[in-house]
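**Student:** One structure is given below, represented as structure tokens, and several questions about it will come after.
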Amino acid sequence: MMVLVFIDQADGHVKKASYEVLSYGAKVAEQLGTTAEGVVLGAVAADQLSALGKYGVKKIHHVANDTLNHFDAQVFTNVIAQVAQAAGSKVIIFSNNVDGKAIAPRLSARLKAGLVPGAVALPDTANGFTVKKNVFSGKAFANLTINSDIKIITLNPNSYQVVEGSGSAEVVPFNATVNAPKVKIKAVNKASGEVPLSEAEVVVSGGRGLKGPDNWGLIENLAHALGAATACSRPVADEHWRPHHEHVGQTGLTIAPNLYIAVGISGAIQHLAGVNRSKVIVVINKDPEAPFFKAADYGIVGDAFEVIPKITEAVKKLKGMA
Ligand SMILES: Cc1cc2nc3c(=O)[nH]c(=O)nc-3n(C[C@H](O)[C@H](O)[C@H](O)COP(=O)(O)OP(=O)(O)OC[C@H]3O[C@@H](n4cnc5c(N)ncnc54)[C@H](O)[C@@H]3O)c2cc1C
């Protein structure tokens with residue numbers, strides 16, 4: 001029962017989330033008494049691929065077709081299905097990120113495989129195959145048993161510790177049939193110089209308490225000093241103070257950085273749903289009764305316009321940037 005792990009890459013670089021799913025996949029394989037293998041689509045340097053062996057996979061199936069340098073869920077699903085069938089994979093694991101969320105349900109339909117999206121722990125394989133996941137915006141857990149022959153899991157980011165050992169993986173080119181994408185990418189406009197929100201270790205996030213887009217320099221300066229990504233609450237994006245790709249919460253991105261700093265955000269349940277898996281939450285709000293304080297590890301009751309410049313200055317001093 002081989003475990004297959006999808007390894008996400010962008011511009012030829014393996015994404016951070018992949019190290020986590022590789023470590024997780026290796027452990028699942030160990031539990032099942034089998035081996036874990038990886039699949040990579042698109043151009044990635046051979047030395048980067050073999051180095052993935054440090055995370056517990058023995059073999060990497062590499063489909064180096066130029067069409068796969070740009071993500072297309074339908075094309076990727078078709079190729080991964082071919083690899084999974086050729087390798088005889090019984091458990092297929094993705095990160096529960098944008099790519100994993102797009103591929104896993106399609107693959108599940110294609111392979112008639114049971115799927116648990118958003119796993120938060122290793123499956124219980126002692127008696128069947130039961131996967132734990134968050135439900136009701138993180139208010140409860142559900143344990144779901146997959147009974148199908150092939151099983152698919154998407155792992156919530158930051159749910160499993162990366163385990164880095166030694167060793168290298170055998171890289172095997174896989175000759176897949178790659179369909180022409182039905183959607184044509186005309187241009188990719190990237191926000192340069194910013195830390196991608198989904199990959200960020202530290203996030204500084206602003207809400208309606210910031211009063212307007214002209215005040216976002218406060219958030220950006222602190223984020224710059226910390227090497228952090230910026231995020232926002234939904235009303236902030238709805239009012240076009242910030243772009244929608246920065247909106248976190250139930251209807252936006254789900255993130256789990258090591259440090260989440262919420263400035264002028266009330267802490268509505270829909271917002272918390274996107275950030276409550278952050279390792280440390282710091283809340284800055286002038287209202288001591290703001291609900292966010294209940295979810296905070298550290299809180300500052302104060303006016304953001306006074307507190308944030310002081311924190312930024314202190315961080316810069318600490319880092320020798322002042
Ligand atoms: C179906 C549904 C889905 C939703 N999905 C999302 C979602 O994905 N993400 C999301 O964020 N919201 C979502 N919402 C909206 C959510 O319910 C809240 O309305 C929203 O999160 C509030 O945003 P906010 O905290 O920025 O604004 P507010 O609720 O207006 O809070 C502003 C906060 O700033 C504080 N403040 C004001 N001035 C200052 C100051 N000078 N210094 C410090 N603090 C100050 C105030 O005390 C207050 O706590 C959803 C709602 C629904 C119904």
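The values are calculated or read from the model by the stated rules, or taken from the named source; none is laboratory data. As the structure is a computational prediction, the values presented were derived from the model and not from experiment. As a convention, Cβ positions derive from the backbone with ideal geometry for all residues, glycine included, and neighbour counts pool all protein chains shown. Just the protein is used for accessible areas: all its heavy atoms, side chains included, with ligands, DNA and RNA removed. Shrake-Rupley method; radii C 1.70, N 1.55, O 1.52, S 1.80 Å.
**Student:** Could you please find all residues in segment 200-215 being within 15 Å of the ligand (Cβ to nearest atom), surrounded by fewer than 16 Cβ atoms within 10 Å (Cβ to Cβ) and outside any helix (DSSP H, G or I)? Explain how you work it out, then say what you get.
**Tutor:** Within segment 200-215, the first condition is being within 15 Å of the ligand (Cβ to nearest atom), and the residues that meet it are 203-215.
With the extra rule that they be surrounded by fewer than 16 Cβ atoms within 10 Å (Cβ to Cβ), the set shrinks to 211-214.
Of everything in segment 200-215, those that are within 15 Å of the ligand (Cβ to nearest atom), surrounded by fewer than 16 Cβ atoms within 10 Å (Cβ to Cβ) and outside any helix (DSSP H, G or I) turn out to be LYS211, GLY212.
**Student:** Being in a helix (DSSP H, G or I), of a type in the set (Asp, Glu) and out of contact with any Pro (no Cβ under 9 Å at 6 or more places or on another chain) is the requirement here; does GLU37 meet it?
**Tutor:** When the stated conditions are applied, GLU37 does not pass them.
**Student:** Right, next: Using the structure shown, decide if ILE269 is within 12 Å of the ligand (Cβ to nearest atom), out of contact with any Phe, Trp or Tyr (no Cβ under 7 Å at 6 or more places or on another chain) and touching a residue at least 24 places away in the same chain (Cβ under 8 Å).
**Tutor:** Judged against the criteria, ILE269 is a match.
**Student:** While we're here: Quick one: ALA102 ticks every box in (1) touching a Lys or Arg at 6+ places or on another chain (Cβ under 6 Å); (2) closer than 21 Å to ALA43 by Cβ bar one, so which box is it?
**Tutor:** (1)
**Student:** Within segment 1-30, how many residues turn out to be within 18 Å of GLU199 (Cβ to Cβ), basic (Lys, Arg) and over 17 Å from the mean Cα position of the chain (by Cα)?
**Tutor:** Going through segment 1-30 one residue at a time, the tally reaches 0.
**Student:** Which residue pairs have Cβ atoms closer than 6 Å, lie 6 or more positions apart in sequence or on different chains, and pair a first residue in segment 275-294 that is more than 17 Å from GLY138 (Cβ to Cβ) and without any contact (Cβ under 8 Å) to a residue 40 or more places away in the chain with a second residue that is among the aromatic types (Phe, Trp, Tyr) and more than 10 Å from the ligand (Cβ to nearest atom)?
**Tutor:** Going by the 6 Å Cβ cut-off, the qualifying pairs are VAL282/TYR298.
**Student:** Any residue at all in segment 282-293 that's touching a Pro at 6+ places or on another chain (Cβ under 9 Å) and more than 7 Å from the ligand (Cβ to nearest atom)?
**Tutor:** No, there is no match, as no residue in segment 282-293 is touching a Pro at 6+ places or on another chain (Cβ under 9 Å) and more than 7 Å from the ligand (Cβ to nearest atom).
Yes/no matrix, rows are residues, columns are (1) in contact (Cβ under 8 Å) with a residue 60 or more places away in the chain; (2) more than 20 Å from THR177 (Cβ to Cβ); (3) under 23 Å from the mean Cα position of the chain (by Cα):
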site	(1), (2), (3)
TYR55	yes, yes, yes
ILE60	yes, no, yes
ALA64	yes, no, no
THR67	yes, no, no
GLN82	yes, no, no
GLY88	yes, no, no
ARG106	no, no, yes
VAL116	no, yes, yes
PHE129	no, yes, no
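**Student:** Oh, and also: Taking segment 298-322 as the search range and keeping residues that are more than 10 Å from the ligand (Cβ to nearest atom) and in contact with a Leu (Cβ under 9 Å, 6 or more places away or on another chain), which one is most open to solvent (accessible area, probe 1.4 Å)? Let's see the steps before the verdict.
**Tutor:** Start the filter on segment 298-322 by keeping residues that are more than 10 Å from the ligand (Cβ to nearest atom), which leaves 298-299, 309-322.
Filter again for in contact with a Leu (Cβ under 9 Å, 6 or more places away or on another chain), leaving 309, 311-312, 315, 319.
Working: PRO309: 53, ILE311: 51, THR312: 12, VAL315: 23, LYS319: 110 Å².
Top of the filtered list is LYS319.
**Student:** Still on this structure: Being over 30 Å from ALA81 (Cα atoms), open to solvent by less than 60 Å² (accessible area, probe 1.4 Å) and within 16 Å of the ligand (Cβ to nearest atom) narrows it down to one of LEU197, LEU226, LEU218, so name that one.
**Tutor:** Details: LEU197 fails: over 30 Å from ALA81 (Cα atoms); LEU226 fails: within 16 Å of the ligand (Cβ to nearest atom).
Every option except LEU218 fails the conditions.
**Student:** Still on this model: Quick one: which strands (runs of 3 or more DSSP E) sit completely within segment 57-166 and have at least 3 residues that are in contact with an Asp or Glu (Cβ under 9 Å, 6 or more places away or on another chain) and either open to solvent by less than 30 Å² (accessible area, probe 1.4 Å) or modelled with pLDDT of 95 or more (or both)?
**Tutor:** Result: 59-63, 89-95, 130-135.
**Student:** Could you identify the single residue in ALA262, ALA268 that is over 16 Å from the mean Cα position of the chain (by Cα), open to solvent by 40 Å² or more (accessible area, probe 1.4 Å) and hydrophobic (A, V, I, L, M, F, W, C)?
**Tutor:** Of ALA262, ALA268, the one residue that is over 16 Å from the mean Cα position of the chain (by Cα), open to solvent by 40 Å² or more (accessible area, probe 1.4 Å) and hydrophobic (A, V, I, L, M, F, W, C) is ALA268.
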